[in-house]
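Asks: Got a structure here, written out as structure tokens. Questions coming.
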Amino acid sequence: MSSAGTARPPLARECAAPCRRADASRNHERILIAARAVFVEDGPEASLDEVARRAGVGNATLYRHFGDREDLIRQVATHVIAQIARDAESALAEERDPFEALRRCLHAAASRGVGAVLQVVRGRFVKDEAFFAVRAQGVEAFEEIMRRARESGQLRPDATFDDVWGMLAQLTRPPPCSDRTDFEARVGRYLELFLAGLRAPAPYPLPGSSTGGN
């Protein structure tokens with residue numbers, strides 16, 4: 001009995017550490033998801049108390065994970081872009097039809113509110129290596145999908161990545177002072193109209209040149 005009793009405390013400590021890490025990881029994810037929603041609704045100066053409330057954590061937990069407001073905003077954007085990059089890589093690997101892969105990517109990015117998020121974080125990533133690393137990952141997957149769709153004859157040849165990303169950012173950004181209650185439903189409709197315009201053959205050439213996205 002005594003040997004069994006002495007074995008329990010170390011085992012409990014070994015089990016507790018992974019549990020704490022798992023709890024911390026879940027809290028981190030919940031805060032990022034809640035912060036994305038709050039920043040999109042109320043802008044970058046939104047209440048961090050509201051972020052903590054929606055995430056179901058205390059303020060102390062929020063500040064334990066994120067040093068300050070700017071750190072949280074940057075991590076929210078990096079999290080969203082990383083998710084979009086993974087969505088694009090999954091579509092590239094799983095969809096046999098490249099235009100369907102493009103459709104899947106655009107709708108996935110819209111579901112993550114990419115345009116609204118980028119509007120909130122504009123100008124905050126001049127030297128943020130993590131953000132640009134995941135962005136490059138997503139760009140590579142998007143461009144490969146577009147290349148395949150173009151070579152299959154489904155995507156109009158004059159559409160560039162900057163065209164697609166720029167329009168995606170605009171279509172998924174709620175207009176100022178607008179009613180957002182049905183905005184997500186309208187975004188799906190807008191994207192299908194946009195995708196129809198991307199299909200080849202194109203009845204008219206695109207005017208001007210691509211000016212880039214966000």
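Asks: Look at L106 and say whether it is over 13 Å from the mean Cα position of the chain (by Cα) and crowded, with 17+ Cβ neighbours inside 10 Å.
Replies: no
Asks: Suppose we keep only residues that are under 21 Å from the mean Cα position of the chain (by Cα) and either of a type in the set (K, R) or in the same structural domain as P174 (by TED's automatic domain parsing) (or both) within the stretch 31-64. Which one would you say is farthest from E184 (Cα to Cα)?
Replies: Checking each candidate, the answer is R54.
Asks: Which number in (1) touching a residue at least 24 places away in the same chain (Cβ under 8 Å); (2) out of contact with any Cys (no Cβ under 9 Å at 6 or more places or on another chain); (3) under 27 Å from P203 (Cα atoms) marks the one condition that A130 misses?
Replies: The number of the failed condition is (3).
Asks: Any idea which of A93, A85 is loosely packed, with under 15 Cβ neighbours inside 10 Å, assigned by TED's automatic domain parsing to the domain that holds L118, outside any loop (DSSP other than H, G, I, E, B) and out of contact with any Cys (no Cβ under 9 Å at 6 or more places or on another chain)?
Replies: Numbers: A85 fails: loosely packed, with under 15 Cβ neighbours inside 10 Å.
Exactly one of A93, A85 is loosely packed, with under 15 Cβ neighbours inside 10 Å, assigned by TED's automatic domain parsing to the domain that holds L118, outside any loop (DSSP other than H, G, I, E, B) and out of contact with any Cys (no Cβ under 9 Å at 6 or more places or on another chain), namely A93.
Asks: Now, a different point. Condition first: over 14 Å from the mean Cα position of the chain (by Cα), at pLDDT 90 or above, crowded, with 18+ Cβ neighbours inside 10 Å and not in a strand (DSSP E or B). Can you find one or more residues in the stretch 123-133 that meet it?
Replies: No, every residue in the stretch 123-133 fails to be over 14 Å from the mean Cα position of the chain (by Cα), at pLDDT 90 or above, crowded, with 18+ Cβ neighbours inside 10 Å and not in a strand (DSSP E or B).
The values are calculated or read from the model by the stated rules, or taken from the named source; none is laboratory data. Since the model is a prediction, treat every value here as computed from it, not as a measurement. Methodologically, a virtual Cβ is constructed for each residue, glycine included, from the backbone with ideal geometry; neighbour enumeration extends over all protein chains shown.
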